[in-house]
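The values are calculated or read from the model by the stated rules, or taken from the named source; none is laboratory data. Since the structure is predicted, the reported quantities are computational estimates derived from the model, not experimental observations. When we count neighbours, we look across all protein chains shown, and the Cβ atoms used for this are built from the backbone with ideal geometry, even at glycine.
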Amino acid sequence: MPNRVANVFLMPGDYHVGDARCRISTLLGSCVSITLWHPQALVGAMSHFVLSGTSSDGVRNARYSDDALQLMLCKLRAKGVDPTECLAKVFGGGAMFDRTKSPGLPDVGRRNGEAARNLLLAHNIPIISESLFGDGYRKIMFNVSTGDIWVNYVERAPQTAALGIKETTA
């Protein structure tokens, strides 16, 4: 019987570590995914974190950038993979709301993207590609057997279009 491909969909706060029989996908707005891939071992990891930083209760929680990365690194090491030999790609961090209408609103997406970059730098893991920020969301799919990641970026519609309001000029 041929090897089956396992399709894993990550919800916010999830992460997954798998081998070449695995495809991991998710949908990102302001959240960020870090992907790690070891080209010789054909092992990969992907997170879908919601906020930068770490859990305040001392229990690792993959909803937070620091915790998600630590959880992935631990599982990679358990599989015999040195995380510094992995290649990283980073996705997401989109602005989901019009900040010109709410200037005091924090830019969570930008914070998340910058946190991912800083974490990988601190762990000596090279970032070879990224698709960060902008005004929209991304659908991503990571094929662990090849290290390829497909990204479908969808720009956020103007608020009036989303509400079904037609703009007219007099």
What are the pairs with Cβ atoms under 8 angstrom where one residue, in region 104-115, is under 15 Å from F91 (Cβ atoms) and the other, located anywhere, is of a type in the set (S, T, Y) and assigned to a helix (DSSP H, G or I)? Sequence gap at least six, or different chains.
N112/S65; A115/S65
Does T35 satisfy the criteria of being β-branched (V, I, T) and in contact (Cβ under 8 Å) with a residue 60 or more places away in the chain?
yes
Are any residues in region 36-58 crowded, with 18+ Cβ neighbours inside 10 Å, among the small types (G, A, S) and farther than 19 Å from I128 by Cβ, and if so, which ones?
S52
Identify, please: which residue in region 1-30 is within 15 Å of F91 (Cα to Cα) and polar (S, T, N, Q) and is, among those, surrounded by the fewest Cβ atoms within 10 Å (Cβ to Cβ)?
S25
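Please work out which residue is farthest from I34 (Cα to Cα), limiting yourself to region 114-141 and to residues that are hydrophobic (A, V, I, L, M, F, W, C) and in contact with a Lys or Arg (Cβ under 7 Å, 6 or more places away or on another chain). Reasoning before the result, please.
Taking region 114-141 first, the residues hydrophobic (A, V, I, L, M, F, W, C) are 115-116, 119-122, 125, 127-128, 132-133, 140-141.
Filter once more, keeping what is in contact with a Lys or Arg (Cβ under 7 Å, 6 or more places away or on another chain): 127-128, 133, 141.
Numbers: I127: 10, I128: 12, F133: 14, M141: 12 Å.
If we take residues in region 114-141 being hydrophobic (A, V, I, L, M, F, W, C) and in contact with a Lys or Arg (Cβ under 7 Å, 6 or more places away or on another chain), then F133 is farthest from I34 (Cα to Cα).
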Residues located in region 68-86, provided they are in contact (Cβ under 8 Å) with a residue 12 or more places away in the chain, outside any loop (DSSP other than H, G, I, E, B) and aliphatic (A, V, I, L, M):
A68, L69, L71, M72, L73, L76
Any residue that is closer than 12 Å to L28 by Cα, buried (at least 19 other Cβ atoms within 10 Å of the Cβ) and under 13 Å from the mean Cα position of the chain (by Cα) - is there at least one of those in region 141-149?
no
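If you check D66, D14, which single one turns out to be touching a Gly at 6+ places or on another chain (Cβ under 7 Å), of a type in the set (D, E, K, R) and modelled with pLDDT of 95 or more?
On the way: D14 fails: touching a Gly at 6+ places or on another chain (Cβ under 7 Å).
Testing whether each residue is touching a Gly at 6+ places or on another chain (Cβ under 7 Å), of a type in the set (D, E, K, R) and modelled with pLDDT of 95 or more leaves just D66.
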Please go through (1) at negative phi; (2) in contact (Cβ under 8 Å) with a residue 12 or more places away in the chain; (3) out of contact with any Cys (no Cβ under 8 Å at 6 or more places or on another chain) for F49 and return the number of the only condition it doesn't satisfy.
(3)
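Looking only at region 73-97, which residues are β-branched (V, I, T) and within 14 Å of the chain's Cα centre (by Cα)?
To start, the set of residues in region 73-97 that are β-branched (V, I, T) comprises 81, 84, 90.
Within region 73-97, just V90 meets the criteria.
Which one is nearest to G80 (Cα to Cα) among residues in region 1-56 that are of a type in the set (S, T, N, Q) and outside any strand (DSSP E or B)?
Applying the first criterion (of a type in the set (S, T, N, Q)) to region 1-56 yields 3, 7, 25-26, 30, 33, 35, 40, 47, 52, 54-56.
Next cut, outside any strand (DSSP E or B) only: 3, 30, 40, 52, 54-56.
Working: N3: 22, S30: 32, Q40: 12, S52: 27, T54: 25, S55: 27, S56: 30 Å.
My answer is Q40.
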So is S33 surrounded by 18 or more Cβ atoms within 10 Å (Cβ to Cβ) and of a type in the set (S, T, Y) or not?
yes
Out of region 31-46, which residues are in contact with a Gly (Cβ under 9 Å, 6 or more places away or on another chain) and closer than 14 Å to A88 by Cα?
V32, S33, T35, L36, W37, H38, P39, L42, V43, G44, A45, M46
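From the list G104, G134, G80, G93, which one is of a type outside the set (A, V, I, L, M, F, W, C), out of contact with any Pro (no Cβ under 7 Å at 6 or more places or on another chain) and buried (at least 21 other Cβ atoms within 10 Å of the Cβ)? Spell out the reasoning first.
Numbers: G104 fails: buried (at least 21 other Cβ atoms within 10 Å of the Cβ); G134 fails: buried (at least 21 other Cβ atoms within 10 Å of the Cβ); G80 fails: buried (at least 21 other Cβ atoms within 10 Å of the Cβ).
On inspection, the qualifying residue turns out to be G93.
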